[in-house]
Amino acid sequence: MGQILVMENKRVRVLDAQFKPGEKTAMHTHPDHVVYVFNDGKLKLVPSKGKIQILDLKAGQTFWFDA
């Protein structure tokens, strides 16, 4: 995954994260966050607890994720 820090201050951090098809990342956590989708695609989320989600992403969509 390519990830670039776009800007950061005391209240917000903006990252540009790009995934290649089939790319995986290690299990990790995030604080509350917003995702803005630039390109259509699918994203599979596998939480340590709970239900696996497969998101059908469309350019221009936004998502809110709790920590």
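The values are calculated or read from the model by the stated rules, or taken from the named source; none is laboratory data. Values in this document were obtained by computation on a predicted structure and should not be read as measured data. For the accessible areas, the whole protein counts, side chains as well, though only heavy atoms, and no ligand, DNA or RNA atoms are used. Shrake-Rupley method; radii C 1.70, N 1.55, O 1.52, S 1.80 Å.
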*Accessible solvent surface per residue of the chain, calculated while the other protein chains remain in place, 1.4 angstrom probe, Å²*: 93 Å²
*Once amide H atoms are placed 1.01 Å from N in the peptide plane, what residues at a sequence separation of 5 or more from Gln61, or on another chain, have their amide H within under 5 Å of its amide H?*
Val37
*P(r), alpha carbons of the chain - 5 Å bins starting at zero, rounded %*: 4, 12, 23, 31, 20, 8, 2
*In the chain, what percent of the accessible surface is made up of carbon and sulfur (1.4 Å probe, ligands and nucleic acids excluded)?*
56 percent
